[in-house]
Amino acid sequence: MNTRMNFSFYNPTRILFGAGELNNLHKQTMPGKKALLLISNGKSTKVNGSLDRTIEQLEKAGIEYAIFDKIMENPYRSVVMEGAAFAKENACDFILALGGGAVLDASVAIAAMATNPGDLWDYVFGGTGKAMPLKNPGLPIVTIATTSGTGSEINCWGVISNPDTNEKIGFGAPELTPVLAIVDPELMRTVPAKYTAYQGFDALFHNTEVMISNGVNILSEAIALSAIENITKYLPRAVRDGNDMEARERVAYGSTMAGITMQLTSTTAEHSMEHSMSAYHHNLPHGAGLIMISRAFYEFFIERRACDEQFIKMAKAMGIENADKPEDFITALVKLQENCGVADLKMSDYGFKKEESMTLAQGARSMQGGLFLANPCEMTDEDCAGIFDKSYR
């Protein structure tokens, strides 16, 4: 598998990265005068002080705001439409998304639907989406990440669920890329240990999928290996002690870098497969689903000798210095899962049945079939169902 020299990269997002950077929000040029301040339907931003700190920064900058606090894990199409209507009713001219992956993902869709007619699914590509082009530019977006997982703070994509059709599909457009992103690991101190692990593995798999993608290039590989090394070394520490700021910063770095690697190179079918899982089982955290299928997913390509050298490179980045065979990657992956306390996750604990495998496989292809094209070798529906079978416990 040859690493490409050619790549195309453009990202208009100004990134403020590091502990304490939220304190510099008021110094930045804002893309509007009134923000739709988007947060989750949980309590975390209110309890840990990040909402109050953000409001203080907006007030210092002379920016008005209206709070919309209804975003749930695996955000629904209906809530996106409600948020867009709220933005219009309150005359908001930009979005400030404060939260984790769900909030950041939802901000992209809300930004589009606040300025475009119809329903979100009119513009979704894949599944039952109508694949219409956006008629108008979306609202500008500013992001403040409170977790380390999705990399959504710097890219133009969000994954939205439609429970009416059992679909979970990525939506986005280059013009929806955030104009400003703040990644302040101080805001991540209070993320519970298990969610720190789930989110950290989501970030890890963004990078490992880029590494095995048939579109990997010299730049995406270099960034992905750096991210993989940092996540592997520091995620167990962040899980053990959320106040370990060095660990929080390093994992946040790996997550944000994934936002860049995914713009340079597509992820693979592992993400399609998990989105199918959580489309049918909405209580499943995205990172947990990825962990459940990860071993069998990567073994599929190792057994077919699809990209041996890429697995060896990753194994070395994950701490096996003398790695010389692709199976060393699996050894490193299992060890990391054990060190983070997530090696025993079970699909059955989230209501999955063994006989669902083909339904999940077909759902993965219908919702996000494009990601299968990035796999380093062919994966049929039967192959995909076999990975679910192998992963089932």
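Just wondering, is there one or more residues in segment 303-324 that are among the polar types (S, T, N, Q) and under 28 Å from LEU225 (Cβ atoms)? Checked segment 303-324: at least one residue is among the polar types (S, T, N, Q) and under 28 Å from LEU225 (Cβ atoms).
Within segment 340-362, being among the hydroxyl-bearing types (Ser, Thr, Tyr) and either open to solvent by less than 40 Å² (accessible area, probe 1.4 Å) or within 22 Å of the chain's Cα centre (by Cα) (or both) holds for TYR350, SER357.
Scan segment 188-201 and tell me whether some residue there is open to solvent by less than 20 Å² (accessible area, probe 1.4 Å), over 17 Å from the mean Cα position of the chain (by Cα) and hydrophobic (A, V, I, L, M, F, W, C). There is no residue in segment 188-201 that is open to solvent by less than 20 Å² (accessible area, probe 1.4 Å), over 17 Å from the mean Cα position of the chain (by Cα) and hydrophobic (A, V, I, L, M, F, W, C).
On the given criteria, is LEU139 under 18 Å from ILE15 (Cβ atoms) and aliphatic (A, V, I, L, M)? Walk me through how you get there before you give the answer.
Working: under 18 Å from ILE15 (Cβ atoms): no; aliphatic (A, V, I, L, M): yes.
In short, no.
Scanning segment 46-55 turns up one or more residues that are at pLDDT 95 or above and surrounded by fewer than 18 Cβ atoms within 10 Å (Cβ to Cβ).
A single entry from GLY319, GLY370, GLY341 fulfils the requirement of being out of contact with any strand residue (DSSP E or B) (no Cβ under 8 Å at 6 or more places or on another chain), at pLDDT 95 or above, within 27 Å of VAL103 (Cβ to Cβ) and not hydrophobic (A, V, I, L, M, F, W, C): GLY341. For segment 61-113, the set of residues classified as surrounded by fewer than 23 Cβ atoms within 10 Å (Cβ to Cβ) and assigned to a loop (DSSP other than H, G, I, E, B) consists of ALA61, GLY62, ILE63, MET72, GLU73, ASN74, ASN90, ALA91, ASP93, listed by residue number. Taking first residues from segment 304-329 that are under 19 Å from MET379 (Cα atoms) and partners that are buried (at least 19 other Cβ atoms within 10 Å of the Cβ) and of a type in the set (Ser, Thr, Tyr), the Cβ contacts under 8 Å between residues at least 6 apart in sequence or on separate chains come to PHE311/TYR298. When you look at ALA288, is it without any contact (Cβ under 8 Å) to a residue 24 or more places away in the chain, in contact with a helix residue (DSSP H, G or I) (Cβ under 8 Å, 6 or more places away or on another chain), crowded, with 20+ Cβ neighbours inside 10 Å and not in a loop (DSSP other than H, G, I, E, B), yes or no? It is false that ALA288 is without any contact (Cβ under 8 Å) to a residue 24 or more places away in the chain, in contact with a helix residue (DSSP H, G or I) (Cβ under 8 Å, 6 or more places away or on another chain), crowded, with 20+ Cβ neighbours inside 10 Å and not in a loop (DSSP other than H, G, I, E, B).
Would you say GLU378 is open to solvent by 30 Å² or more (accessible area, probe 1.4 Å), of a type outside the set (Lys, Arg) and assigned to a helix (DSSP H, G or I)? Here the answer is no, as GLU378 does not meet what is asked. Pairing residues of segment 219-234 that are at pLDDT 95 or above with residues that are among the aromatic types (Phe, Trp, Tyr) and in a helix (DSSP H, G or I), at Cβ distances under 8 Å and at least 6 apart in sequence or on separate chains, gives ALA227/TYR253; ASN230/TYR253. Tell me which residues, restricted to segment 222-243, are over 14 Å from ALA315 (Cα atoms) and open to solvent by 20 Å² or more (accessible area, probe 1.4 Å). Scanning segment 222-243 gives ALA222, ILE223, ARG237, VAL239, ARG240, ASP241, ASN243. If the requirement is being in contact with a strand residue (DSSP E or B) (Cβ under 8 Å, 6 or more places away or on another chain) and closer than 23 Å to VAL251 by Cβ, which of these qualifies: ILE182, ILE160, ILE169, ILE110? Exactly one of ILE182, ILE160, ILE169, ILE110 is in contact with a strand residue (DSSP E or B) (Cβ under 8 Å, 6 or more places away or on another chain) and closer than 23 Å to VAL251 by Cβ, namely ILE182.
Residue-wise test of (1) polar (S, T, N, Q); (2) more than 15 Å from the chain's Cα centre (by Cα); (3) closer than 17 Å to TRP157 by Cβ.
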position	(1), (2), (3)
GLU274	no, no, yes
ASN283	yes, yes, no
MET292	no, yes, no
GLU299	no, yes, no
ILE302	no, yes, no
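Confirm whether GLY172 is closer than 20 Å to PHE372 by Cα and open to solvent by 10 Å² or more (accessible area, probe 1.4 Å). So GLY172 fits the description; yes. Figure legend. Inter-residue proximity from segment 116-136: first residues under 15 Å from GLY158 (Cβ atoms) and touching a residue at least 24 places away in the same chain (Cβ under 8 Å), second residues among the hydroxyl-bearing types (Ser, Thr, Tyr) and open to solvent by less than 20 Å² (accessible area, probe 1.4 Å), beta-carbon distance below 7 Å, spacing 6+ or different chains. Indicated pairs: LEU134/TYR123. If you go through segment 1-35 and keep only what is of a type outside the set (S, T, N, Q) and under 19 Å from GLY49 (Cβ atoms), you end up with LEU16, GLY18, ALA19, GLY20, GLU21, LEU22, LEU25, HIS26, ALA35. When segment 321-339 is filtered for residues that are outside any helix (DSSP H, G or I) and surrounded by 17 or more Cβ atoms within 10 Å (Cβ to Cβ), the ones remaining, listed by number, are ALA323, PRO326.
Here PRO133 clears all of (1) surrounded by fewer than 23 Cβ atoms within 10 Å (Cβ to Cβ); (2) touching a strand residue (DSSP E or B) at 6+ places or on another chain (Cβ under 7 Å); (3) part of a loop (DSSP other than H, G, I, E, B); (4) not aromatic (Phe, Trp, Tyr) except the condition numbered (2). Scanning segment 87-137 for residues that are farther than 30 Å from VAL191 by Cα and among the aromatic types (Phe, Trp, Tyr) turns up TRP121, TYR123, PHE125.
The values are calculated or read from the model by the stated rules, or taken from the named source; none is laboratory data. Computed from a predicted model, the values in this text were never measured in an experiment. Note that each Cβ is placed from the backbone with ideal geometry, even for glycine, and that neighbours are counted across all protein chains shown. All accessible areas refer to the heavy atoms of the entire protein, side chains included, with ligands and DNA or RNA removed. Shrake-Rupley method; radii C 1.70, N 1.55, O 1.52, S 1.80 Å.
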